[in-house]
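To start, the structure itself, in structure tokens.
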Amino acid sequence: MNEFDVVALGELLIDFTENGKSDQGNPLFEANPGGAPCNVLAMLERLGKKTAFIGKVGRDFFGEQLREALTETGIDASALRVDERVHTTLALVHTQPDGDRDFSFYRDPGADMMLSEEEIPEEMIAKARIFHFGTLSMTHEGVRGATKRALEIAKKNGVTVSFDPNLRPPLWPSLDAAREQVLYGLGHCDVLKISDNEIQWITGETDYDDGVKWIRERYPQISLILVSLGKEGSRAYYGDEAAEEPAVLQENTVETTGAGDTFCGCVLNYVLEHGLTGLTGENLKEMLRFANAAASLITTRKGALRVMPQKREVESLL
């Protein structure tokens, strides 16, 4: 009996997003709850799925704020650990004029890195339908061991594994170190969500079809590959089927934080409802249309975790 639809492991942090200027002309920042894995879960909660999160925050004001945000969103926070010594991880998000972002991280160390193998809740993962992770929980040795332990449990219990590399170069000692862990992730997932620049970087191929071919030749166990292309929309690859859908562009985009996570949450929702066997080209198109529309809605809002779109909002946009 599955207790959770999706269990995710990784970073839970505060995204300080720019929010205008003060009377003195200084930038104002808003403390938004963030972290890719929880953004994915927040979208799934909006779609009526049951989710849980595994991660670590500090015993501080921000850690409390994050726990409250999870609970308010409906995400099970019983496996959220608290570090007594290390502060909650912070990210400053600088939005460029075109809506793209630059990140500065306060994480040397940050509490999310302090999760250990012993803190992994075996039963929670074993009772999930999907286990989802990224590479921010693979940047440092201790939390990397915890992530690999969680993957072992998922595999042993026949849980579908979903992976989003979510590359953040400033957090790695080198891009070679990042590459090694991304390849590890590719070797252990059934569903892969990867962005346009990530697939070009990891495969060395500029053409996305060639990039997918490169991945499939090396990691044939991946059933479904999604490539998110920002303003260009998205593509899905499954067996002999491939589909592409344009982005739904919004006039009033404020920032793109969480768009890929929203997209990923919608894809996992589709997998939960339709399975990973016998999908058709039409299925893939339907999946991408919904996910693209949801992702476009999140770009009109500040932050992501607490402002995920409702199903009816996505449907009315479509």
Review point. In the range 144-195, what residues are in a helix (DSSP H, G or I) and in contact (Cβ under 8 Å) with a residue 40 or more places away in the chain?
Key: 146, 147, 150, 170, 171, 178, 181, 182, 184, 185
**Study point:** Options 4, 16, 29; residue that is aromatic (Phe, Trp, Tyr) and farther than 29 Å from residue 97 by Cα
**Key:** 4
Check your understanding: Within the range 33-56, how many residues are among the aliphatic types (A, V, I, L, M), in contact with a strand residue (DSSP E or B) (Cβ under 7 Å, 6 or more places away or on another chain) and within 22 Å of residue 299 (Cα to Cα)?
Key -> 4
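Out of 53, 16, 62, report the one residue that is under 23 Å from residue 168 (Cβ atoms), touching a helix residue (DSSP H, G or I) at 6+ places or on another chain (Cβ under 7 Å) and among the aromatic types (Phe, Trp, Tyr).
Just one listed residue meets the conditions, 53.
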Revision key, fill the gap. Considering the range 16-33, residues that are surrounded by 23 or more Cβ atoms within 10 Å (Cβ to Cβ) and at pLDDT 90 or above, and then whichever is nearest to residue 45 (Cα to Cα), we arrive at 33
Practice item. Identify the residue in the range 262-311 that is small (Gly, Ala, Ser), modelled with pLDDT of 95 or more and over 22 Å from residue 32 (Cα atoms) and, among all such residues, is surrounded by the fewest Cβ atoms within 10 Å (Cβ to Cβ). Key: 278
Check your understanding: Does any residue in the range 58-81 that is surrounded by 18 or more Cβ atoms within 10 Å (Cβ to Cβ) come within less than 7 Å, Cβ to Cβ, of a residue that is among the polar types (S, T, N, Q) six or more places away or on a different chain, and which pairs are these?
Key -> 58/88; 62/88; 63/88; 66/88; 75/51; 76/51; 77/71
Practice item. Within the range 91-113, track down each residue that is crowded, with 19+ Cβ neighbours inside 10 Å, hydrophobic (A, V, I, L, M, F, W, C) and in contact (Cβ under 8 Å) with a residue 60 or more places away in the chain. Key: 91, 93
**Study point:** Segments classed as strands (runs of 3 or more DSSP E), wholly inside the range 215-318, with at least 2 members that are among the aliphatic types (A, V, I, L, M) and within 16 Å of the chain's Cα centre (by Cα)
**Key:** 224-228
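The values are calculated or read from the model by the stated rules, or taken from the named source; none is laboratory data. These figures come from a predicted structure and were not determined experimentally. Cβ sites come from the backbone with ideal geometry, for glycine too, and all protein chains shown count toward neighbours.
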